[in-house]
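Take a look at the structure below.
The values are calculated or read from the model by the stated rules, or taken from the named source; none is laboratory data. The structure presented is a predicted model; accordingly, all values stated were derived computationally and were not measured. Ideal geometry is used to build each Cβ from the backbone, glycine not excepted, and the neighbour counts take in all protein chains shown. Accessible surface areas use protein heavy atoms only, side chains included; no ligands, DNA or RNA. Shrake-Rupley method; radii C 1.70, N 1.55, O 1.52, S 1.80 Å.
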Amino acid sequence: MRKPADTAVPILPVIAERWSPRAFDPDKTLSEADLKPLFEAARWAPSSSNSQPWRFVYAFRGEPFFDTLVDCAVEGNQPWVRRVSVLAYAVAKLHSKSGRSLWHNRHDTGIALGYLLLQATANGLAVHPFGGFESDKVIAAANVPEGFEPCTGIGIGFPGDPDILPERDRLRELEGRERLAVSEFAFHGKWPSV
């Protein structure tokens, strides 16, 4: 299913096409070869002082570890997360090798995830980043070392039929895409009076 953004001005088609579905085709699978371009795109994202604080831990549906990662998602996300081909968690490094705080770690990890999302969209894949997961469970399940924090869950797969979703998610899947107007978040000069 496609849901291109109704943009106010022309933007890159891959950006207009990217959205976060919950309907994933449970019959299609991905391979390591399918993931390589996504992680390569993330690799080339900019980061402060080239610190590259992002890490990804993932599993393919059908692997025992996949179910362990699904259990880290909050209950409301688990029904659609179970149908993704690959479930991943983005993890951000907290400190540099010298011990300096990488206060920009989530920002940089977010940019890397953005690059991954756009590459996936260009490759015909669906990706849904989500914040509904339990960090402590991800840390324990994936053996995330001290000095790193999980920041985003990521479902990757092929678009599926919205009719496979529970009613609430199906309706959300079919509704239009909404965003704030640019004038509500980009201010030339001073912040507007409230």
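What to note about this one:
- Taking every residue in the stretch 131-154 that is among the charged types (D, E, K, R) and pairing it with any residue that is crowded, with 18+ Cβ neighbours inside 10 Å and assigned to a strand (DSSP E or B), at least 6 positions away or on another chain, the pairs with Cβ-Cβ distances below 7 Å are GLU149/VAL91; GLU149/ALA92.
- Number of positions in the stretch 73-82 that are outside any helix (DSSP H, G or I) and either more than 15 Å from the chain's Cα centre (by Cα) or acidic (Asp, Glu) (or both): 4
- Yes/no for LEU118 being hydrophobic (A, V, I, L, M, F, W, C) and farther than 30 Å from SER101 by Cα: no
- Scanning the stretch 1-31 for residues that are open to solvent by less than 90 Å² (accessible area, probe 1.4 Å) and without any contact (Cβ under 8 Å) to a residue 60 or more places away in the chain returns PRO4, THR7, ILE11, ALA16, SER31.
- Residue in the stretch 25-69 that is nearest to LEU125 (Cα to Cα), counting only those that are basic (Lys, Arg) and out of contact with any Lys or Arg (no Cβ under 9 Å at 6 or more places or on another chain): LYS28
- Residue selection: ARG179 satisfies the criterion of being part of a loop (DSSP other than H, G, I, E, B) and either touching a residue at least 12 places away in the same chain (Cβ under 8 Å) or closer than 23 Å to ASN77 by Cα (or both).
- Reported count of residues in the stretch 63-72, each being more than 18 Å from ILE164 (Cβ to Cβ) and either outside any helix (DSSP H, G or I) or under 15 Å from the mean Cα position of the chain (by Cα) (or both), is 4.
- Filter pass, GLU173 being open to solvent by less than 60 Å² (accessible area, probe 1.4 Å), outside any strand (DSSP E or B) and out of contact with any Phe, Trp or Tyr (no Cβ under 8 Å at 6 or more places or on another chain): yes
- In the stretch 135-152, the qualifying residues are those that are charged (D, E, K, R) and under 17 Å from PRO53 (Cα atoms), and the one that is most open to solvent (accessible area, probe 1.4 Å) is GLU146.
- Residue check, VAL138 modelled with pLDDT of 95 or more, in contact with a Gly (Cβ under 9 Å, 6 or more places away or on another chain) and not in a strand (DSSP E or B): yes
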